[in-house]
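The values are calculated or read from the model by the stated rules, or taken from the named source; none is laboratory data. The structure displayed is predicted, hence computed values, not measured ones. Cβ placement follows ideal geometry from the backbone for every residue including glycine, while neighbour counts extend to all protein chains displayed.
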Amino acid sequence: MRHMRTSFLIALCALAPGGPVLAQPAVDQALASISPQAIRAHMRFLADDLLEGRRTATRGYDIAARYVAARFEELGLEPAGTGGGYFQPVPLLEMTTVDAECSLTLLRRDGRKVELEYGPDFLVRSAAEGSSVTAPVVFAGFGVTAPELGYDDYAGLDVRGKIVAILLGSPPTFPPDQRAYYSDRVVQVRNAVARGAVGILALYSPERERRMPWAAVMRYTRWPSSSWVDEEGKPYFSIANAAGLSQKAAKELFAGAPKSLEEVYKASETGRPPAFELPVQVSLRTAGRGQRTESPNVAAVLRGSDPRLKDEYVVLSAHLDHLGVDETETEDPIFNGAYDNASGIAVMLEVAKAFAGLPAPRRSILFLAVTGEEEGLNGSDYFAHHPTVPVDRIVANTNLDMFLMLYPLRDVIAFGAEHSSLGRTVEEAARRLGIGLIPDPFPEQVLFIRSDHYSFVQQGIPAVFVTGGFRTDDPAVDGRALWGKWMQQVYHRPGDDMSQAIDFGAGVQFAQLNFLISYLVAQDDEAPSWKPGDFFGGKFGRPAVLRSARP
């Protein structure tokens, strides 16, 4: 293994033509500086009960932010927040749903009324302190318009002044890229609103409820929701007159419809579900309490050394927030978030330490701990819209989120690697470390749009999100089964704390891999680029700009 690493480091130096030649012992020392004890210590502090789950805009989160800023300062990294400090305050509007004042009534054509019950039947995430609507309902499939695929759920439908009922997700027959993009609730909502819809009912399919039981959805809505706001205090994204329906409530909605709910579900699994008017009006009332608040991102930069490239930035990101406290959990109300995402922050801090021990790389490295990921990527999205460095000089993002250290790291999944030249970088770093790569094993879960790297993708910045794979050294240990069990029993639960099994040696391997990915990007003559014809590159990519160290 030592011989392999030495050979790799010599190869690394050779991959930087025209740049400073780094002595192999320096890079070797940087990798060796990443220690399991340090990863454990960072995680132990960040996941301690003292921080009360690090919920966005709470005292516990602020303690965590100060901890990260102190570590950045200790490493000698320059502040990269606002006002010359490490913090970038993110202005937020936090909304708490007032359950007792929310109602949803089905008004049948024969005059009958069906009152649905808040919680078991429907849920809302209030975006306003009070809103109401009464209107006919139109079922519009997935609510997707994909002209490049010749697909439009709204073809032949007039939804102006009506409430649109849609299935969450997107057609399973779509290619993976389009399936991910059109599953984004922002895309679905904006499409409906642009067509004149006045309300939205989101339907949970049986397949979706298998992955996320309705009881779990009910748990999540007990916490407030939030959105970052602009200079005028307006939320960047909000949904008025919207509710989610359980399968039980959806059956009530479809009573007497031209197609049964079961027929709709079946059609949605194999192709395009039918679209039609429902023989019902819906009266929906939502209520919430709004509060303006703020919560900081934490940012620091290691300044690059190359005269031509030092003003370009490779961003290494991880979210610092988790879910906080839920007093209805009587045995343990604190959601400590050890894996999600104290692990990502711990790895980022160790990668920062490794870089700080080297002569400066050619490009600058910006380390970013973001707030509000659990509530909709708020912190990363705010940074992507209000970057503390010029956005056109950010050349790549590597994101760290919830690496499960359940067994030694033998392979990884690199979400987004297939979209840009970052894929080659990941392959090279993984190959040299003897780590395998596997394709996305869960395309139906569209994980590519579900973490902070997607905020950078939407600004045209190539990004990659690497997480652990399933291969183990022990044939009796099924990595995929362990991963699935953790997701079912521990994910977003109080049990995600430091008492669970954690292989900190795997954490070291993961940190070394992400260090090498970032290092290769920082040293390369050319910035990462979208692959020709890539869907996301075509949707969001910026005009090509020559970024080269060559004269």
Taking only the range 488-547 into account, find how many residues are of a type in the set (D, E, K, R), farther than 21 Å from residue 46 by Cα and under 21 Å from the mean Cα position of the chain (by Cα).
2
Hey, residue 298 hits all of (1) under 30 Å from residue 133 (Cα atoms); (2) touching a strand residue (DSSP E or B) at 6+ places or on another chain (Cβ under 7 Å); (3) part of a strand (DSSP E or B) but one; which does it fall short on?
(1)
Quick check on the range 259-274: of everything there that is out of contact with any strand residue (DSSP E or B) (no Cβ under 9 Å at 6 or more places or on another chain) and part of a helix (DSSP H, G or I), which residue is nearest to residue 156 (Cα to Cα)?
267
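Restricting to the range 224-260, name every residue that is of a type in the set (Phe, Trp, Tyr) and within 26 Å of the chain's Cα centre (by Cα). Walk me through how you get there before you give the answer.
The initial filter retains those residues of the range 224-260 that are of a type in the set (Phe, Trp, Tyr), namely 228, 236-237, 254.
Within the range 224-260, 228, 236, 237 meet the criteria.
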From 317, 343, grab the single residue that is touching a residue at least 12 places away in the same chain (Cβ under 8 Å) and not in a helix (DSSP H, G or I).
317
Among the candidates 286, 293, 270, single out the residue that is under 30 Å from residue 444 (Cα atoms) and polar (S, T, N, Q).
270
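Looking at 245, 201, can you tell me which residue is touching a Gly at 6+ places or on another chain (Cβ under 8 Å), surrounded by 18 or more Cβ atoms within 10 Å (Cβ to Cβ), of a type in the set (A, V, I, L, M) and modelled with pLDDT of 95 or more?
Values: 245 fails: touching a Gly at 6+ places or on another chain (Cβ under 8 Å).
Criteria check complete, one pass: 201.
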Quick one: would you say residue 31 is at pLDDT 95 or above, assigned to a helix (DSSP H, G or I) and either closer than 30 Å to residue 373 by Cα or touching a strand residue (DSSP E or B) at 6+ places or on another chain (Cβ under 7 Å) (or both)?
no
Going residue by residue through the range 262-274, is there one that turns out to be over 28 Å from residue 454 (Cβ atoms), buried (at least 19 other Cβ atoms within 10 Å of the Cβ), of a type in the set (Gly, Ala, Ser) and modelled with pLDDT under 95?
no
Positions within the range 380-433 being closer than 23 Å to residue 177 by Cβ, over 21 Å from the mean Cα position of the chain (by Cα) and free of Cβ contacts under 8 Å to residues at least 60 places away in the same chain, in sequence order
424, 427
Residue tally, condition under 22 Å from residue 482 (Cβ atoms) and either modelled with pLDDT under 95 or among the acidic types (Asp, Glu) (or both), over the range 500-550
2
Out of all the residues in the range 89-122, which are closer than 19 Å to residue 163 by Cα and among the aliphatic types (A, V, I, L, M)?
104, 106, 107, 114, 116
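Can you confirm whether residue 366 is within 22 Å of residue 506 (Cβ to Cβ) and crowded, with 18+ Cβ neighbours inside 10 Å?
Numbers: within 22 Å of residue 506 (Cβ to Cβ): no; crowded, with 18+ Cβ neighbours inside 10 Å: yes.
It is false that residue 366 is within 22 Å of residue 506 (Cβ to Cβ) and crowded, with 18+ Cβ neighbours inside 10 Å.
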When residues of the range 327-349 are limited to those that are over 26 Å from residue 509 (Cβ atoms) and touching a strand residue (DSSP E or B) at 6+ places or on another chain (Cβ under 7 Å), the one surrounded by the most Cβ atoms within 10 Å (Cβ to Cβ):
335
For the range 180-226, give me each residue that is in contact (Cβ under 8 Å) with a residue 12 or more places away in the chain, more than 29 Å from residue 419 (Cβ to Cβ) and in a helix (DSSP H, G or I).
206, 209, 214, 216, 217, 218, 219, 220
Pairing a residue in the range 259-275 that is on the phi > 0 side of the Ramachandran plot with any residue that is of a type in the set (Phe, Trp, Tyr) and modelled with pLDDT of 95 or more, where Cβ atoms lie under 9 Å and the two sit 6 or more apart in sequence or on different chains, gives none
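May I ask you to say which residue of 146, 140 is under 21 Å from residue 255 (Cα atoms), small (Gly, Ala, Ser) and either at pLDDT 95 or above or exposed (fewer than 14 other Cβ atoms within 10 Å of the Cβ) (or both)?
Numbers: 146 fails: under 21 Å from residue 255 (Cα atoms).
Only one candidate passes the filter, namely 140.
Which members of the range 248-258 meet the condition of being part of a loop (DSSP other than H, G, I, E, B) and surrounded by fewer than 18 Cβ atoms within 10 Å (Cβ to Cβ)? Steps first, please.
Of all residues in the range 248-258, those part of a loop (DSSP other than H, G, I, E, B) come to 254-258.
Those that are part of a loop (DSSP other than H, G, I, E, B) and surrounded by fewer than 18 Cβ atoms within 10 Å (Cβ to Cβ): 255, 256, 258.
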Could you go through the range 501-520 and let me know if any residue there is surrounded by 15 or more Cβ atoms within 10 Å (Cβ to Cβ) and outside any helix (DSSP H, G or I).
yes
Select from the range 521-540 the residues that are assigned to a loop (DSSP other than H, G, I, E, B) and not hydrophobic (A, V, I, L, M, F, W, C) and list them in ascending order.
524, 525, 526, 528, 529, 531, 532, 533, 534
Subset of the range 74-104 that is over 30 Å from residue 250 (Cβ atoms) and without any contact (Cβ under 8 Å) to a residue 60 or more places away in the chain - its residue that is nearest to the chain's Cα centre (by Cα):
85
Whichever residue in the range 149-189 is among the basic types (Lys, Arg) and at pLDDT below 95 and, among such residues, is nearest to the chain's Cα centre (by Cα)
185
List the strands (runs of 3 or more DSSP E) that sit entirely inside the range 45-137 and contain at least 3 residues that are among the aliphatic types (A, V, I, L, M).
87-97, 103-108
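Okay, residues lined up against (1) aromatic (Phe, Trp, Tyr); (2) under 10 Å from residue 298 (Cβ atoms):
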position: 63; (1), (2): no, no
position: 80; (1), (2): no, yes
position: 84; (1), (2): no, no
position: 87; (1), (2): yes, yes
position: 90; (1), (2): no, no
position: 93; (1), (2): no, no
position: 103; (1), (2): no, no
position: 107; (1), (2): no, no
I need the full set of residues from the range 307-328 which are out of contact with any helix residue (DSSP H, G or I) (no Cβ under 9 Å at 6 or more places or on another chain) and among the acidic types (Asp, Glu), in order please.
327
